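This report refers to the structure that appears directly beneath it.
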Amino acid sequence: MELSTTGDKKRYKVGIPRALHYYRYYPFWKKLLEELDVEIVLSPPTNKKIVEEGVTHGFGELCIPVKIYYGQVLKLVENNPDLDFLFVPRYVSEVPESYFCPKFLSLPDVIKILPEVPKILNFEVNVKEFPISTSAIELGKQLGKGQTASVDAYKKAQKYFDEYHNFLRDGGSVNHALRLVHRNLPFKLPKKQTKGDLRFLLLGHAYNIFDSFINLDFIKKLHEQGVEVLTIENLPEYLFKKPVIVNPRGGILRNYWRHEEEIMQAIRFFLTKGKNEIDGVIFLISFACGPDSLISELIMRDMKVVGLPFLEITMDEHSGEAGMMTRIESFVEMVRRKRKKLGLEPRWKSKIKFYEGT
Ligand code: SF4
């Protein structure tokens, strides 16, 4: 295989689609691939053309994030015909207790049937069966690297990923942090932090919340309405240590899906000790997402019990700006009136408090 050249160094050129895994794991894989001496090419932010391409290649009842993934892959390939590999990991599990959605499991198989795709760096992340360092060794092998180099790269990537998470827990936003990662800049909070008289918890998969094209710049719209936004990534690690037990009429159920488990773990805190720390919850879900539709019903019932305002917004490729704006404005107005009636101080006057041991 012909390798790309930078200076007098020959390096593989690997394309990463800016979709799905990107919004959650990009800092880890970027660092690991760079340590393995790879040149990374990232696809552009989602736009109308990318969505249209993805929709054309995805079958009808597929959720929008996967259609976007198709569109991002096609764009990457169109813009970079000289790619040596496409980076499409098979995510099965990242903790021993639960799985990724089946769409993640089958991703490398469906991507390879798209037109003109180069060879896929296909490796598995399956913590139920083996540690992530084993996935890194398998990835390194496909890039011609030995075990020692891959394990070293893995350790550096893990350290960097921990720093990234600490930055988010200190209040950094994911989109800001990803920009810093992309530009190889140190993690530093912006001088001007967004403050609001209201504080909402925004729930959903990272690819729904942080792809500002498909969600019509949802976070910016909330900021413009005077709302401070909290996402799962900003919450302390200990909230995610204990499993959520759902108890329908005496039977005991645990979440089967990893991301849904995290959403419910976050909610557990705000249903109990943290219920006075936020003014409302918004859940952004994708049309045709089975796992999300199941838990949103459970969350809605719990919100009613504690009296926390809850709004669910379903997105697809046809979502319209005007309709979304009306829903946001009326929700914000309703919550603001409620807070005013209770004579409460604006949120920006106090910082959120987390209590250990929930
Ligand atoms: S969890 Fe839902 S939105 Fe995410 S890939 Fe699966 S079906 Fe699509």
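Values quoted throughout were computed directly from the atomic coordinates according to the rules given, and no laboratory measurement underlies them. Quantities reported herein were computed from a predicted structural model and do not represent experimental measurements. Neighbour counts are summed over all protein chains in view; Cβ atoms, including those assigned to glycine, are modelled from backbone coordinates with ideal geometry.
Sparsely packed loop sites in segment 48-146 (the chymotrypsin sites (Phe, Trp or Tyr not before Pro) outside DSSP H, G, I, E and B with at most 12 other Cβ atoms within 10 Å) comprise 59.
Remark: segment 147-156, residue by residue, has Karplus-estimated 3J(HN,Hα) of 4, 4, 4, 5, 5, 4, 4, 4, 4, 5 Hz, where x stands for each Gly or Pro and the curve is 6.51 cos²θ - 1.76 cosθ + 1.60 at θ = phi - 60°.
Springs between Cα atoms under 10 Å define the GNM used for the chain, and in it the highest mean-square fluctuation of 201, 189, 253 occurs at 253. Over the chain, with a Gaussian network built from C-alpha contacts below 10 Å, which listed residue (23, 256, 207) shows the highest mean-square fluctuation? The residue that fluctuates most here is 256. From a point 7 Å beyond the Cα of residue 147 in the direction of its Cβ, which residues of segment 16-41 have a backbone N at a distance under 19 Å? Only 36 pass the distance filter.
Under the simplified labelling scheme, the residue 59-residue 119 pair shows an inter-label distance of 3.0 nm, with each label point 7 Å from Cα along Cα→Cβ. Here the dipole of the chain is about 1400 debye; that uses its Cα centre as origin and unit charges on the Cβ of Lys and Arg (positive) and Asp and Glu (negative).
Taking each of 31/155; 30/221; 48/192; 31/242; 195/273; 220/275 in turn, the alpha-carbon distance tops 19 angstrom for 30/221; 48/192; 31/242; 195/273; 220/275. Between residue 314 and residue 246, what FRET efficiency comes out of the Förster formula 1/(1 + (r/R0)^6) with R0 = 25 Å and r the beta carbon distance, rounded to 0.05? E(calc), rounded to 0.05, equals 0.65. Between 96, 352, 207, whose Cα lies farthest towards the positive end of the dipole of the chain when Lys and Arg beta carbons carry +1 and Asp and Glu beta carbons carry -1, centred on the Cα centre? Value computed over the given set: 352. Amide hydrogen proximity for residue 90: with H placed 1.01 Å from N in the peptide plane, the residues at 5 or more positions away or on another chain lying under 5 Å are 123, 124, 125.
Taking the alpha-carbon distance from residue 349 and a cut-off under 19 Å, which aspartates and glutamates remain once sequence neighbours fewer than 8 residues away in the same chain are dropped? Leaving aside aspartates and glutamates fewer than 8 places away in the same chain, those within reach of residue 349 are 170, 197, 224, 228, 277, 279. Sequence-distant contacts, meaning Cα pairs under 8 Å at least 6 residues apart, place the relative contact order of segment 55-152 at 24 percent.
Mind listing the long-range amide H neighbours of residue 203? Cut-off is under 5 Å, sequence gap 5 or more, other chains count too, H placed in the peptide plane at 1.01 Å from N. The answer is 282, 283, 284.
Calculate the dipole size of segment 59-170 relative to its Cα centre from +1 charges on Lys and Arg beta carbons and -1 charges on Asp and Glu beta carbons; express the result in debye to the nearest 20. Show your work: numbers first, answer last.
Values: 13 positive and 15 negative charges, 19 e Å.
In total the dipole reaches around 100 debye.
Rounded to the nearest 5, what % of DSSP beta bridges with both residues in the chain are antiparallel? Let's see the in-between values first.
On the way: 6 of 34 bridges.
The answer is about 20 percent antiparallel.
Going by Cα centres, segment 15-38 and segment 167-234 are how many Å apart? Each part reduced to its Cα centre gives a spacing of 20 Å. Across segment 164-179, computed HN-Hα scalar couplings (Karplus, 6.51 cos²θ - 1.76 cosθ + 1.60, θ = phi - 60°) run 4, 5, 4, 4, 5, 5, 7, x, x, 8, 4, 5, 5, 5, 5, 5 Hz from first to last residue, x flagging Gly and Pro. By the gyration tensor of its Cα atoms, with a ≥ b ≥ c the square roots of the eigenvalues, what is the shape of segment 194-349: rounded for a/c under 1.5, prolate for a/b over b/c, or oblate? Oblate is the answer for segment 194-349, as a/c is 1.5 or above yet b/c matches or exceeds a/b.
Stokes-Einstein diffusion coefficient for segment 4-168 at 25 °C in a medium of 0.890 mPa s, Rh from the Kirkwood formula over Cα pairs: what value in µm²/s?
Details: Rh = 16.4 Å.
The estimated diffusion coefficient comes to 149 µm²/s.
By the Cα gyration tensor, the chain has an equivalent ellipsoid whose semi-axes, rounded to whole angstrom, run 36, 22, 21 from largest to smallest. Summing Cβ point charges (Lys, Arg +1; Asp, Glu -1) relative to the Cα centre of segment 194-349 gives a dipole of roughly 960 debye.
Within the listed set 206, 149, 266, the Gaussian network model of the chain (springs between alpha-carbon atoms below 10 Å) gives the highest mean-square fluctuation for 149. From the square roots a ≥ b ≥ c of the eigenvalues of the alpha-carbon gyration tensor of segment 263-358, which class results: rounded (a/c under 1.5), prolate (a/b over b/c), or oblate? Cα axes put segment 263-358 in the oblate bin. Looking at 160, 26, 12, which one has the Cα that reaches farthest to the positive end of the dipole of the chain (charges on Cβ: Lys, Arg +1; Asp, Glu -1)? Value computed over the given set: 160. Amide hydrogen proximity for residue 310: with H placed 1.01 Å from N in the peptide plane, the residues at 5 or more positions away or on another chain lying under 5 Å are 281. With contacts taken as Cα pairs under 8 Å and at least 6 residues apart, the chain reaches a relative contact order of 16 percent.
Rounded to the nearest 500, the 222 nm mean residue ellipticity of the chain from helices alone is -13500 deg cm²/dmol, with -39,500 (n - 2.57) taken per DSSP H run of at least 4 residues.
Taking θ as phi - 60° and the Karplus parameters 6.51, -1.76 and 1.60, the scalar couplings of segment 333-344 work out to 4, 4, 5, 5, 4, 4, 5, 5, 4, 7, x, 8 Hz in sequence order, x denoting glycine and proline.
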